[in-house]
Amino acid sequence: MKLLDIFGALKKDMDFIEQQLYRSIDGDDELLGETSLHLLKAGGKRLRPIFVLLGGKFGVYDLQRLQYIAVPLELIHSASLVHDDVIDDADTRRGKPTVKSKWDNRIAMYTGDYIYAKALMQVTQLDNPYIHRILARAMVQMSIGEMEQIRDFFNTEQSVRNYLLRIRRKTALLIAISCQLGAMAAEAPAKVSSLLYRYGYNVGMAFQIRDDLLDLFGTEKVIGKPPGSDMRQGNITIPVIYALQEASLRGPLLKEIRGIQAGDGSGDVTRAIEMIRTSPGIHRAEELADRFIQKALNALKCLPDNKARAHLQEIALFVNKRSY
């Protein structure tokens with residue numbers, strides 16, 4: 001099975017979700033509608049809505065009902081990206097100008113707030129306060145994760161544990177509840193939604209680790225931003241943490257990172273990337289992603305054997321080997 005086959009199998013339903021995404025941000029204010037639409041039109045993998053729909057396949061599949069999970073989760077993800085771009089001072093995302101660069105920081109921040117509010121309006125269409133609480137808790141945790149990332153900018157002493165907790169909050173949690181809430185909205189058994197949460201959490205952890213590796217190995221054309229963007233912004237990711245644990249690399253790499261932080265030309269991102277690329281840290285980060293994917297696959301083994309489970313397995317394997 002190919003990943004394109006999964007998208008093909010869900011194309012009709014995903015086209016509907018895409019239409020609902022655009023409709024959800026329309027009609028209140030011309031500028032906010034324009035800035036929000038600019039972000040959505042930049043594209044993206046739409047993995048969270050796909051996870052929602054596949055989670056719904058384990059219960060009573062009702063697209064009209066599932067839209068009120070799939071749309072808000074994608075909106076929340078999109079809103080977080082708008083805010084990220086302000087914090088990171090990023091000019092491009094997915095190869096397109098960010099809201100922040102096309103307009104300004106103030107417009108970008110209000111755009112993110114507007115999209116968050118629209119997400120909450122969507123989910124309230126479901127009369128299930130437990131779903132509302134799960135979503136609200138996830139948004140709180142995402143905010144904490146963002147604050148932790150800011151606090152740890154250029155922190156070369158941070159631990160692997162701190163990094164994992166941060167990406168759990170920033171990335172993995174939203175993917176986990178995408179799987180979980182899709183099943184809950186479809187009234188699947190509690191055990192099934194719990195296993196789907198576990199699957200999504202582990203896929204999300206691997207997804208972010210792979211994203212951090214792509215930032216070091218990808219090209220701007222493929223990843224939509226200059227390689228080494230994380231380091232320029234002060235975001236110390238797991239390959240860097242592992243590389244800094246190598247005695248022979250620590251001194252030279254620290255010198256480059258501190259020079260990048262100083263912004264006085266004494267640090268070179270390209271040199272730092274080359275050091276990390278040739279370090280054992282790359283292999284260790286890949287092994288860590290492999291372990292999370294294996295945990296995700298183990299969770300799937302306990303689910304009913306259906307097409308949705310096969311699709312989820314294929315997505316997990318794609319995430320762990322993705323090059324974009």
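Are there GluC sites (Glu not before Pro) in segment 115-202 that DSSP marks as loop and that have at most 12 other Cβ atoms within 10 Å, and which are they?
Listed in order of number, the matching sites are GLU157.
Taking N as the number of residues in segment 97-166, what is its alpha-carbon radius of gyration divided by 2.2 N^0.38 Å?
Dividing the Cα Rg of segment 97-166 by 2.2 N^0.38 Å gives 1.45.
If you take the C-alpha gyration tensor of segment 56-192, multiply each eigenvalue by 5 and take the square root, what semi-axes do you get, largest first, in whole Å?
The equivalent ellipsoid of segment 56-192 has semi-axes of 29, 20, 12 Å.
P(r) for the chain, please, calculated from all Cα pair distances in 10 Å bins and given in %.
Bin by bin from 0 Å, the calculated values are 6, 26, 34, 24, 9, 1.
For LEU288, what accessible area in Å² do you get when you roll a 1.4 Å probe over the heavy atoms of the protein chains, rounding to the nearest 10?
Accessible surface of LEU288 is approximately 10 Å².
Of the heavy-atom accessible surface of the chain (probe 1.4 angstrom), what whole percent is carbon and sulfur?
Roughly 52 percent of what the probe reaches on the chain is carbon or sulfur.
Net charge near GLY145, counting Lys/Arg +1 and Asp/Glu -1 over other residues with Cβ under 9 Å of its Cβ?
For residues surrounding GLY145, the net value is +2.
Take the cross-link list LYS12/LYS45; LYS57/LYS118; LYS170/LYS295; LYS45/LYS321 and give me the ones stretching past 18 Å between alpha-carbons.
Listed pairs above 18 Å: LYS57/LYS118; LYS170/LYS295.
What whole-number value in Å² describes the accessible area per residue of the chain for a 1.4 Å probe?
45
Near ALA42, within a Cβ-to-Cβ distance under 9 Å, what is the net charge of the other residues, with Lys and Arg +1 and Asp and Glu -1?
Once all neighbours under 9 Å are counted, the net charge is +4.
So which trypsin sites (Lys or Arg not before Pro) in segment 50-117 pass both tests, a DSSP loop state and at most 16 other Cβ atoms within 10 Å of the Cβ?
Sites meeting the loop and neighbour criteria: ARG94.
Can you list the residues of segment 36-63 with backbone N under 18 Å from a point 7 Å past the Cα of ASP127, pointing along Cα to Cβ?
From segment 36-63, the list is 62.
Where Lys and Arg each count +1 and Asp and Glu each count -1, what net charge lies around PRO227 among other residues with Cβ under 14 Å from its Cβ?
Local charge sum for PRO227: -2.
In µm²/s, what is D for segment 216-324 at 10 °C and 1.306 mPa s, where D = kT/(6 pi eta Rh) by Stokes-Einstein and Rh is the Kirkwood radius from Cα pairs?
100
Just to be sure I follow: if Rg is taken over the C-alpha atoms of segment 1-130 and Rh is the Kirkwood radius over the same atoms, what is Rg/Rh?
0.99
So for segment 87-127, what are the equivalent ellipsoid semi-axes in whole Å, largest first, each being the square root of 5 times an eigenvalue of the Cα gyration tensor?
Largest first, segment 87-127 gives 26, 11, 7 Å.
Taking loop as defined by DSSP and a crowding limit of 11 other beta carbons within 10 Å, which trypsin sites (Lys or Arg not before Pro) in segment 253-324 fit?
LYS301
At 1.002 mPa s and 20 °C, plugging the Kirkwood radius over alpha-carbon pairs of segment 129-239 into Stokes-Einstein gives what diffusion coefficient in µm²/s?
For these conditions, the coefficient is 142 µm²/s.
For GLN261 and VAL160, FRET efficiency with R0 = 25 Å and r from the beta-carbon atoms, rounded to 0.05?
Efficiency for this residue pair is about 0.75.
The values are calculated or read from the model by the stated rules, or taken from the named source; none is laboratory data. Please read all numbers here as calculations on a predicted model, not as lab measurements. For neighbour counting, all protein chains shown are included, and Cβ atoms are generated from backbone atoms with ideal geometry for every residue, glycine included. Side chains are part of the model used for accessible areas, which takes the heavy atoms of the whole protein and leaves out ligands, DNA and RNA. Shrake-Rupley method; radii C 1.70, N 1.55, O 1.52, S 1.80 Å.
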